[in-house]
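Contents: one structure, followed by commentary.
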Amino acid sequence: MDAMEEELKCPVCGSLFKEPIILPCSHNVCLACARNITVQTPEGETPPQNRSSGTSDYDYLDMDKMSMYSETDSGYGSYTPCLKSPNGVRVFPPALMHRHCSITCPLCHRSVSLDERGLRGLQRNRLLEAIVSRYQQSRAASVKCQLCDRNPVDATVMCEQCDVFYCSPCQQRCHPSRGPLAKHRLLPPTQAQAGSAQPPGAPARKQPTCVDHEAENYSMYCASCRTPVCYQCLEEGKHGKHDVKPLAAMWKQHKCQLSQALNGVSDKAKEAKEFLVQLKNLLQQIQENGVEFEACLVAQCDSLIEALTRQKAKLLTKVTKEKENKLKTVKDQITHCTMKLRQTTGMMEFCLEVIKENDPSGFLQISDALIKRVLASQDQWVKGALEPKVCPEFALTVNTDPLMQSILQLDFTQNKETPTVPPAPLLQLEKCCMRNNSATLAWRITTVQALPVEGYVLELDDGNGGPYREVYVGKETVCTVDGLHFNSSYSARVKAYNSAGVGAYSKVVVLKTSDVAWFTFDPTSAHRDIVLTNENQTVTCNSYDDRVVLGTAAFSKGVHYWELSVDRYDNHPDPAFGVARINTMKDMMLGKDDKAWAMYVDNNRSWFMHNNSHTNRAEGGISKGSTVGILLDLTKHTLTFFINKQQHGPMAFENLEGVFMPAVSLNRNVQVTLITGLEVPKSIM
């Protein structure tokens, strides 16, 4: 909990919050501090929030002093005493704060007028108060031994009867566990402190009540006003027409939103920690490279005897200055990044403690502001913020070839970073995944390079250990490749390039596609009369004519089996089932052109059809509740049909080559549902 200490300090007094209240801007201050920064606006004076932003606090004070001698007032009697609070806000004595009071947030400087209730009209932040209390208990100072003469060490036990803290040596010497002292109870110091801080049987936290109706508990949440309300607030009409939701439901919803936002900022914090390690390694590299470069330079200068002695000091100065500039830049970046990370970590710890609270209304009082802060914190970790501003190399070259007459003009020939190709990217295995026959890969550059990366090249093999081929070229570090073969293992690798050239390949990662195909009907390629429901798994038609719909999967290798369940079958139509090319005709029965292979069937018999050629009539048809199975074996290049789990007719088609998509044609008298992810039937004739 140490990291979130800054979240628990009042911006006015700088101490841990005591009785914190929530300002309208969602920031918090102690109740006592709020009294100190509350300002009374005298009648006729412009409220603080309406004053020109160009006027300083000193201007206000000077104007008040001048009013003491104004001819239009009555002298000192009309002058309102004014003091300055620690944050520079004007403060009026409590006796004058009975009307026209306002309070200015010390963080965002937003001013708001208080109603007749004054500070009592602002809600108390009970969650923050509870977290501060827990934090104080966890940070309780370690108890020292009370019997050590010199340099007391941490106590290890506390005698409950003697009420004395002992270290191990003092306990053995002064309070041995024998004789009359054997009955004394020795406790760990932390347990003793906890017992004194929270006595057994202490009352539970008081149920929060409505600010406007102190006798009513919060029961609802006004989404319009973003505040918990009670039943009486709804009855009196103040929130009657607002969008009001159950308190518990909104509590869970806002907790979920805060948790999701925390996941995002947690990833950024993890990257920031890795970046800090990278920067610290960079410091070491700069130190080592700087020492090495200085040694080389000294050796070169010494070899030029007296003529180089005068020039040596100048060159060393330049190298040292370059090194110091690089070190200063990196140290400044480390300091800046560490500060941001500490703030982010503190906010995360605070948010986690807020999520642990079981006070719905208290949580909802601050959840919106916390969610905004977490999202804003995530935005501050922009891409450029996690990149070093310098590289460790010293790109300075000394030319020792000129004659002795040119030694006095000797200088570094260039002052630019040496162009280098990018290093091998690192594939992020935790972000790489397979879904059905699609592969998603993610990668990143792990080391600093002189020239920025201009793009990446992602390569995959053919799924059989064959040659690699480029599947993506661009600047993104995440790519999804669709249309892979099912039940295949693909090897993937990536390389980066810039103006200096192409870098090395990453390590190879192997990804395996799904064993069986899962797919639906494709609404984008279907005829306009086709009607799809049930998440595109059920199909029927608006027309009495046959219309074609294809599946979303495309097969070019392997063995695949799927079924269609007949949900409705009226007036003995002839639906057709099979496979087709993507450009098959969609306004006629499947199989009438040369781009489809199908079986059309009625209630008594069936035929196979391709290019309008009807073959192999077979007895037996379908009815409501029947299932039609299609077996596409691209290993043997055959197509076989099944009705109700039994093979129907002989092998329908042979010598199938190319890419095929599941296909169905039907009219309005038929409705079928697609069933995928099935194992291949074992009994085939």
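The values are calculated or read from the model by the stated rules, or taken from the named source; none is laboratory data. If you're wondering where the values come from, they're calculated on a predicted model, not measured in any experiment. All Cβ positions, even for glycine, are placed from backbone atoms using ideal geometry, and neighbour counts span all protein chains on display. Accessible surface areas use protein heavy atoms only, side chains included; no ligands, DNA or RNA. Shrake-Rupley method; radii C 1.70, N 1.55, O 1.52, S 1.80 Å.
Residues of the stretch 631-651 that are surrounded by 16 or more Cβ atoms within 10 Å (Cβ to Cβ) and touching a Ser or Thr at 6+ places or on another chain (Cβ under 9 Å): 631, 632, 633, 634, 641, 642, 643, 647, 648, 649, 651. Counting residues in the stretch 313-333 that are within 23 Å of residue 444 (Cβ to Cβ), modelled with pLDDT under 85 and not charged (D, E, K, R) gives zero.
Quick check: anything in the stretch 227-240 touching an Asp or Glu at 6+ places or on another chain (Cβ under 6 Å) and buried (at least 20 other Cβ atoms within 10 Å of the Cβ)? Yes: one or more hits. Among the residues of the stretch 521-553, those that are among the hydrophobic types (A, V, I, L, M, F, W, C) and buried (at least 20 other Cβ atoms within 10 Å of the Cβ) comprise 521, 526, 530, 539, 541, 548, 549, 550, 553. Do we have residue 298 as over 30 Å from residue 266 (Cβ atoms) and open to solvent by less than 60 Å² (accessible area, probe 1.4 Å) here? Yes: the conditions hold for residue 298. If the condition is being farther than 17 Å from residue 37 by Cβ and at pLDDT 60 or above, then the stretch 88-123 contributes 115, 116, 117, 123.
Yes or no, residue by residue, for (1) over 17 Å from residue 456 (Cα atoms); (2) touching a strand residue (DSSP E or B) at 6+ places or on another chain (Cβ under 8 Å); (3) without any contact (Cβ under 8 Å) to a residue 60 or more places away in the chain:
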{"position": "476", "(1), (2), (3)": "no, yes, yes"}
{"position": "494", "(1), (2), (3)": "no, yes, no"}
{"position": "500", "(1), (2), (3)": "no, no, no"}
{"position": "506", "(1), (2), (3)": "no, yes, no"}
{"position": "518", "(1), (2), (3)": "yes, no, no"}
{"position": "523", "(1), (2), (3)": "yes, yes, yes"}
{"position": "554", "(1), (2), (3)": "yes, yes, no"}
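Please determine, by comparing only the residues of the stretch 133-179 that are modelled with pLDDT under 85 and part of a helix (DSSP H, G or I), which one is surrounded by the most Cβ atoms within 10 Å (Cβ to Cβ). The qualifying residue surrounded by the most Cβ atoms within 10 Å (Cβ to Cβ) is 135.
Considering each of 463, 384, 474 in turn, give the residue that is at pLDDT below 90, under 30 Å from residue 555 (Cβ atoms) and among the small types (Gly, Ala, Ser). Break it down stepwise before answering.
Working: 384 fails: under 30 Å from residue 555 (Cβ atoms); 474 fails: at pLDDT below 90.
Of the residues listed, the single one that is at pLDDT below 90, under 30 Å from residue 555 (Cβ atoms) and among the small types (Gly, Ala, Ser) is 463.
Within the stretch 585-608, the set of residues being crowded, with 24+ Cβ neighbours inside 10 Å and in a loop (DSSP other than H, G, I, E, B) comprises 590, 591.
Among the residues examined, residue 555 qualifies as modelled with pLDDT under 90, closer than 20 Å to residue 652 by Cα and of a type in the set (A, V, I, L, M, F, W, C). Restricting attention to the stretch 448-470, the residues that are assigned to a loop (DSSP other than H, G, I, E, B), surrounded by fewer than 18 Cβ atoms within 10 Å (Cβ to Cβ) and free of Cβ contacts under 8 Å to residues at least 40 places away in the same chain total 6. Report the residue count in the stretch 611-625 for those that are open to solvent by 10 Å² or more (accessible area, probe 1.4 Å), not in a strand (DSSP E or B) and not charged (D, E, K, R). Selection size over the stretch 611-625: 6. Screening residue 666 on (1) open to solvent by 60 Å² or more (accessible area, probe 1.4 Å); (2) within 21 Å of residue 520 (Cα to Cα); (3) of a type outside the set (S, T, N, Q) shows it passes everything except condition (1).
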